[in-house]
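> Next up is a structure, given as structure tokens.
Readers should treat all values here as calculations from the given coordinates under stated rules, not as data from a laboratory. Because the structure is predicted, anything quoted here is derived from the model rather than measured. Reconstructed Cβ throughout: ideal geometry from the backbone, glycine too, with neighbour counts over all protein chains shown.
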Number of protein chains: 2
Amino acid sequence: MIKFEEAFEIVQNAAKPTLKTERVHFIDSLGRILAEDIFSDINMPPFNKSAMDGFACRKQDIGNELKIIEVLPAGSLPKNKVGENQCVKIMTGAIIPEGADCVIMVEYTDEMPDGNVQYTKKSTNSNICYFAEDIKKGELVLSKGLEIKPQHIAVMASVGTVRPLVSLKPRVGIISTGDELVEPERTPSLSQIRNSNGPQLAAQVVRSGAIPNYYGITEDTREATFSVITQALNENDVILLTGGVSMGAFDFVPEIMIKTGVDIKFRSIAVQPGKPTIFGTFQNNTYIFGLPGNPVSSYTQFELLVRPLISRLMNNEPLHKTIKIPMGAEYTRRKSERKSFIPITISADGKVYPVEYHGSAHIHSYVLADGIVSIEIGKEKLEIGELVDVRQI
Amino acid sequence: MIKFEEAFEIVQNAAKPTLKTERVHFIDSLGRILAEDIFSDINMPPFNKSAMDGFACRKQDIGNELKIIEVLPAGSLPKNKVGENQCVKIMTGAIIPEGADCVIMVEYTDEMPDGNVQYTKKSTNSNICYFAEDIKKGELVLSKGLEIKPQHIAVMASVGTVRPLVSLKPRVGIISTGDELVEPERTPSLSQIRNSNGPQLAAQVVRSGAIPNYYGITEDTREATFSVITQALNENDVILLTGGVSMGAFDFVPEIMIKTGVDIKFRSIAVQPGKPTIFGTFQNNTYIFGLPGNPVSSYTQFELLVRPLISRLMNNEPLHKTIKIPMGAEYTRRKSERKSFIPITISADGKVYPVEYHGSAHIHSYVLADGIVSIEIGKEKLEIGELVDVRQI
């Protein structure tokens, strides 16, 4: 049994970002991981640009009546140069005409009977966005490894990157084991329960930016388990097995993994929930987890270990962040030989409260949870006001 | 000009959740808004269930050698009753046999030469998950209005809800205006810029759980604007226009909106960025925003006003949460007559830092931002250590 931090390092160090890449239309790139650096092909602004609707003129003339010599919408080229006591009626986004060094805001001007303009204030900002002040041509605007959000799509649009290179989504095989399981469509008999783990993992895989590949419920025999693992190793980048990894007589998953050629890196972690978590690699480019059969355990270990592995495979930097928030209530536990992960809510006034939690089969504890908080080995209590790292879920 | 809080209330009160619903397979329901309450069709656990791999026996016998009378995998029905100094070898998830009141963990047992089992500790927990302790048959497990996450998919799986009712995704029309705009595929001439607003809004719409419907760049004429708004009002639940809403001579969008039958509710908000934001309704079931042409302004007002409207239309409760985090650096501004929204990052030690920000055309300020923080009217400074509401983006 190893510590969580060791397990995390082992998984991260094993992960080789050998995934292929593809080009997609930038509109379809939301949530993908950028696989190239993007540079600007233009200066921004591309010219001295009016930041306001108003009148472009010379600062030294703003006390005087100004004659309108041109009306300039955005998108047009100015035809005239602005001279003494002259102005150009200008729209936001239009090019500042030669000669002008400021734009007086339309809100603070009076139109005179002769059609001239009089500014009603004593001073003005320039109200000009200057050539290239935001971005210079050739400048790096987006870095490789970024998870693409709407604001990055705006940047790609502005620099004309219409088909960015992104990492392929890893394929993640999901294999459920356990003869007590039936698929959710069926009504379980007395000794059965529905398979909630498989669908939950599939949704977690989607949320991580990868593609789930479900293999159904495998019969609890050595032959069926060997066969499905062998097939899945050939078809996926990551494989998640649930169940069959603890100490029961029918829990032969580790033995079968080895038989299929998997190099097992660890067999259990000093965490709660999720102690009997197995991790191994196959031919240095396929990663396999044996996750506990309990839905809270498998949910938690997916978020803690599998999701960061998927991010690493796609070269995603930085990894999923945690946020420090103070506890709003005390949390105590009797045993402290493992690192615990507990579901919590965040209150409107920004405090962390543990939710009612009966243990690793209690999926309902996560229905209203906003995040997961950890408590270290040897620590029995989280105090009110103590800052804790919240992993949002 | 109204305050932001008033604008928010006007939009929220105008929003009528009249959207239709549909049933989807629960595996495909990630991120959708649940449109029905879901009740459990079973008790959970459905029987007294072993929480461990071990031996089911009577607590009063744990000091004695126990005779194994049966091996019981999960998914099987027990055949025997456990009597004095007897036990059943039991797997996690299996039914506790009659007579037994605890499970001793396999880790703390010795196998004796005669095949009997001897427990090596003095006491034991019951290690039983009792019938219906987590959920009772008929109990409410998921509430209408929830945004569906992986853990909710697990709950649906466990109670057999394979085709949940969800809200239809609102259709959101996006109309870009501005003769200075060209689509990102093109290289802009001197007076032009690429349209970054349209693609950014489309991505924001997707992230909000709605369907974007892009109308391209509309020519800056009254006729073209009237025509595209009229068409869009017939085809969408929400319409977003960008540009053409400030005080320039070509900014006739409000006038045209009224002509198409839109009831304008407000024309500007005391915020920065995003002051010239218009909101109106059409026939009480269509909502139209005129957003500023600057990409930071439109981005921000989408997150502040449009996203909560979309949530409301889908009956999503609770709305997008903010989190209270302390400032790690001071922030000051010269003018305070408007409520400001500024991009920030959250540091590893849980503090908020403003990012460099040149104003509403500076989309690059948002590239590395983790969130948006507001500063109230009349307030010129955010102090170090001051708790601020962070809207994560």
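> From the label point of A:GLU223, set 7 Å from Cα along Cα→Cβ, how far away are the matching label points in the other copies, in nm, ordered shortest to longest?
Result, one decimal in nm: 7.8.
> If Lys and Arg each add +1 and Asp and Glu each add -1, what is the summed charge of the other residues whose beta carbon sits under 13 Å from the beta carbon of B:GLY145?
-1
> Turning to a different aspect of this structure: With the contact rule set at Cα under 8 Å and sequence spacing of 6 or more, what percent relative contact order holds for the stretch B:323-392?
48
> State, as an integer percentage, the relative contact order of the stretch B:49-129 based on alpha-carbon contacts under 8 Å between residues 6 or more apart. Intermediate results must be reported in sequence, preceding the final value.
Details: 217 pairs, mean separation 32.7, N = 81.
Computed value for the stretch B:49-129: 40 percent relative contact order.
> Still on this structure, I have one more. What percent does the relative contact order of chain A come to when contacts are Cα pairs within less than 8 Å and at least six residues apart?
Once divided by the residue count of chain A, the mean separation gives 16 percent.
> Would you look at the GNM of chain B, springs on alpha carbons closer than 10 Å, and say which of B:VAL88, B:VAL238, B:VAL253 moves the most?
Result for chain B, Cα springs under 10 Å: B:VAL88 fluctuates most.
> Here is a further query. Any chance you could run the full-extension gain for B:GLU317 through B:ASN64? It's 0.36 nm times the residue separation minus the Cα-Cα distance, nm to one decimal.
Stretched out fully, the B:GLU317 to B:ASN64 stretch lengthens by 85.5 nm.
> Using a cut-off of 16 Å between alpha-carbon atoms, which lysines can reach A:LYS121, once sequence neighbours fewer than 8 places away in the same chain are excluded?
Answer for A:LYS121, where 16 Å is the Cα cut-off: A:LYS59, listed by chain and number.
> Also, quick follow-up: Whole-Hz Karplus ³J(HN,Hα) for the stretch A:336-350, in order, using 6.51 cos²θ - 1.76 cosθ + 1.60 and θ = phi - 60°, x for Gly and Pro?
In residue order, the calculated couplings are 9, 7, 10, 6, 9, 10, 10, x, 9, 10, 10, 7, 4, 8, x Hz.
> At a 10 Å Cβ-Cβ cut-off, how would you order B:THR218, A:THR300, fewest neighbours first?
Ordered from fewest to most neighbouring Cβ atoms within 10 Å, B:THR218, A:THR300 come out as B:THR218, A:THR300.
> Quick check: net charge around A:ARG58, other residues with Cβ under 13 Å of its Cβ, Lys/Arg +1 and Asp/Glu -1? Mind dumping the intermediate values first?
Details: positive: A:LYS59, A:LYS67, A:LYS81; negative: A:ASP61, A:GLU84, A:GLU98, A:ASP101.
Taking every other residue near A:ARG58 into account, the sum is -1.
> Cross-link partners among aspartates and glutamates for A:LYS137, C-alpha distance below 13 Å, same-chain residues fewer than 8 apart left out?
Here the aspartates and glutamates satisfying the reach criterion relative to A:LYS137 are A:ASP41.
> In degrees from 0 to 90, rounded to the nearest 10, what is the angle of the helix A:197-207 Cα long axis to the longest principal axis of chain A?
Taking the Cα atoms of chain A, the angle to A:197-207 is about 20 degrees.
> With θ taken as phi - 60° and the coefficients 6.51, -1.76 and 1.60, list the Karplus ³J(HN,Hα) couplings across the stretch B:87-103 in order, rounded to whole Hz; mark glycine and proline as x.
Result, ordered by residue: 8, 10, 5, 10, 9, 3, x, 7, 6, 5, x, 4, x, 7, 10, 7, 10 Hz.
> Under the Karplus relation 6.51 cos²θ - 1.76 cosθ + 1.60, θ = phi - 60°, what is the ordered set of whole-Hz ³J(HN,Hα) values for the stretch A:113-126, x standing for Gly and Pro?
x, 7, x, 6, 10, 10, 6, 9, 10, 7, 9, 8, 6, 5
> While we're on this one: Between B:ALA270 and A:ARG163, how high is the FRET efficiency from 1/(1 + (r/R0)^6) when r is the Cβ-Cβ distance and R₀ = 45 Å? Nearest 0.05.
0.65
> Mind listing the lone cysteines of chain A, meaning no other Cys beta-carbon sits under 4.7 Å from theirs?
Cys with no partner Cβ under 4.7 Å: A:CYS102, A:CYS129.
> One decimal, nm, shortest first: give the distances between the label point of B:ASP114 and those of the same position in the other copies, each label point 7 Å from Cα along Cα→Cβ.
12.3
> Taking chain A as a Gaussian network, Cα atoms linked when under 10 Å apart, which of A:ILE342, A:ILE310, A:ILE42 shows the biggest mean-square fluctuation?
A:ILE42
> What nm distance separates the two modelled labels at B:GLU330 and A:SER189, each placed 7 Å from Cα along Cα→Cβ?
Label at B:GLU330, label at A:SER189, 7.5 nm between them.
> Provide the gained length on full extension for the span A:THR221 to A:ILE2, in nm with one decimal, where the gain is 0.36 nm per separating residue minus the Cα-Cα distance.
Result: 76.0 nm gained on full extension.
> Filter B:LYS144/B:LYS259; A:LYS335/B:LYS81; A:LYS321/B:LYS379; B:LYS259/B:LYS335; B:LYS49/B:LYS122 down to the pairs with a C-alpha to C-alpha distance above 27 Å, please.
B:LYS144/B:LYS259; A:LYS335/B:LYS81; A:LYS321/B:LYS379; B:LYS259/B:LYS335
> Shielding by partners for B:27-34, please: the mean number of other protein chain Cβ atoms within 10 Å of each residue's Cβ.
3
> Say we join alpha carbon atoms closer than 10 Å with springs in a Gaussian network model of chain B; which of B:SER208, B:SER374, B:SER189 then has the biggest fluctuation?
So, out of B:SER208, B:SER374, B:SER189, the one fluctuating most is B:SER189.
> By how many degrees, between 0 and 90 and to the nearest 10, does the Cα long axis of helix A:4-14 differ from the longest principal axis of chain A?
So the inclination is approximately 70 degrees.
> Rounded to the nearest 0.05, what FRET efficiency do A:GLN231 and A:LYS16 give with R0 = 35 Å and r taken as the Cβ-Cβ distance? Could you check? Numbers along the way, then the final one.
Numbers: r = 22 Å, r/R0 = 0.64.
E(calc), rounded to 0.05, equals 0.95.
> In nanometres, what is the gap between the two model label sites at B:ASN284 and B:LEU77, each 7 Å from Cα along Cα-to-Cβ?
5.9
> Helix-only estimate, please: 222 nm mean residue ellipticity of chain A, summing -39500 (n - 2.57) across DSSP H runs of length 4 or more and dividing by its residues, to the nearest 500.
The helix contribution divided over chain A gives -5000 deg cm²/dmol.
> Now a separate question. Quick check on my link table: of A:LYS324/B:LYS381; A:LYS3/A:LYS324; A:LYS351/B:LYS20; A:LYS339/B:LYS169; B:LYS16/B:LYS351; A:LYS324/B:LYS339, which ones sit more than 31 Å apart, alpha carbon to alpha carbon? Show your work: numbers first, answer last.
Working: A:LYS324/B:LYS381 23 Å; A:LYS3/A:LYS324 22 Å; A:LYS351/B:LYS20 37 Å; A:LYS339/B:LYS169 41 Å; B:LYS16/B:LYS351 38 Å; A:LYS324/B:LYS339 27 Å.
Correct reply: A:LYS351/B:LYS20; A:LYS339/B:LYS169; B:LYS16/B:LYS351.
> Using alpha carbons only, how many degrees (0 to 90, rounded to 10) separate the axis of helix B:150-159 from the longest principal axis of chain B?
Value to nearest ten degrees: 50.
> Using DSSP, restrict attention to beta bridges with both residues in the stretch B:49-129 and report what percent are antiparallel, rounded to the nearest 5.
Details: 15 of 20 bridges.
Here the antiparallel bridges make up roughly 75 percent for the stretch B:49-129.
> Right, something else. What ranking do A:46-57, B:219-230 get when scored by the average of other Cβ atoms within 10 Å per residue, highest first? Could you put the intermediate results ahead of the total?
Numbers: A:46-57: 24.3, B:219-230: 16.8.
Taking the mean over residues of other Cβ atoms within 10 Å, the ranking is A:46-57, B:219-230.
> Now a separate question. Taking every DSSP beta bridge with both residues inside the protein assembly as shown, roughly what % is antiparallel (nearest 5)?
65
> Taking A:GLU36 in one copy and the same position in all the others, each labelled 7 Å out along Cα→Cβ, what are the pairwise distances from the first, in nm, shortest first?
Counterpart label points of A:GLU36 in the remaining copies fall at 4.8 nm.
> Also: Using only atoms on other chains, find how many Cβ atoms lie within 10 Å of each Cβ of peptide A:268-278 and report the average.
So the per-residue partner count for this stretch is 0.
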